[in-house]
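J.: Sending over a structure as structure tokens; questions will come in a sec.
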Amino acid sequence: LRTAPPELRCRVRAAVLQAPVSDRESQTVEQDSDGSRGRLLAEAEAKLAAGEGEALLSQKYYGFVPISASRFASLVGRDGPDDLFSSDFTDERLAAKLGHMGLAGQRATAPSHPGLRTLFCFSGGDEYVPPSVDVPLLARRFVAAAGGGED
């Protein structure tokens, strides 16, 4: 919804985000005893700096998934394009990431937008959410970031 043309966005009236989990934070749930995640991220960032973002990393993600440097950095790096739902973001950063999911965010670039409602559906006991994350609090922060209750 952030990058679609305004005429297309005006057709979208509702969005459901099921289990909005931070890919970056989910990495902390699983052990990384050999430090491979950190090495892969360093390799990905070096390839991006060298203009080789579409190059595959030397090691497969989770041991079996070929992945490009740009995709890995986007998922695992802090504040990348896919780092949308991290609990360690400030409220301002969350609003910058999720503000387009509300009516005011849509009307900022599509003034005639008829209305947008977004539902964040969290799973109870999601195995990809670190135990340190207060999910009910994070849910309220997401709603506020997306302009909840604005219309």
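The values are calculated or read from the model by the stated rules, or taken from the named source; none is laboratory data. Here the structure is a predicted model, which means the values were calculated and not measured. Every residue, glycine among them, receives a Cβ derived from its backbone with ideal geometry; neighbour counts consider all protein chains shown. Just the protein is used for accessible areas: all its heavy atoms, side chains included, with ligands, DNA and RNA removed. Shrake-Rupley method; radii C 1.70, N 1.55, O 1.52, S 1.80 Å.
J.: Return yes when S87 is closer than 30 Å to A145 by Cα, touching a residue at least 40 places away in the same chain (Cβ under 8 Å) and under 21 Å from the mean Cα position of the chain (by Cα) and no when it is not.
T.: yes
J.: Next up: Please give the number of the condition E127 fails out of (1) in contact (Cβ under 8 Å) with a residue 24 or more places away in the chain; (2) surrounded by 12 or more Cβ atoms within 10 Å (Cβ to Cβ).
T.: Failed condition: (2).
J.: Name every residue in segment 97-124 that is closer than 15 Å to P20 by Cβ and in contact (Cβ under 8 Å) with a residue 40 or more places away in the chain, in order of residue number.
T.: Those that are closer than 15 Å to P20 by Cβ and in contact (Cβ under 8 Å) with a residue 40 or more places away in the chain: K97, L98, G99, H100, M101, G102, T118, L119, F120, C121, F122, S123.
J.: Take residues that are closer than 22 Å to V135 by Cα and at pLDDT 90 or above and tell me which of the helices (runs of 4 or more DSSP H) falling wholly in segment 14-109 contain 2 or more.
T.: Of the helices (runs of 4 or more DSSP H) lying wholly inside segment 14-109, those with at least 2 residues that are closer than 22 Å to V135 by Cα and at pLDDT 90 or above span 23-26, 69-76, 91-98.
J.: Give just the number: which of (1) touching a Gly at 6+ places or on another chain (Cβ under 6 Å); (2) open to solvent by 40 Å² or more (accessible area, probe 1.4 Å); (3) of a type in the set (S, T, N, Q) does S58 not satisfy?
T.: All conditions pass for S58, except number (1).
J.: Restricting attention to segment 1-15, report how many residues are in contact (Cβ under 8 Å) with a residue 12 or more places away in the chain and surrounded by 10 or more Cβ atoms within 10 Å (Cβ to Cβ).
T.: The number of residues fulfilling the criteria is 8.
J.: Among the residues of segment 122-143, which ones are part of a helix (DSSP H, G or I) and over 16 Å from the mean Cα position of the chain (by Cα)?
T.: P136, L137, R140
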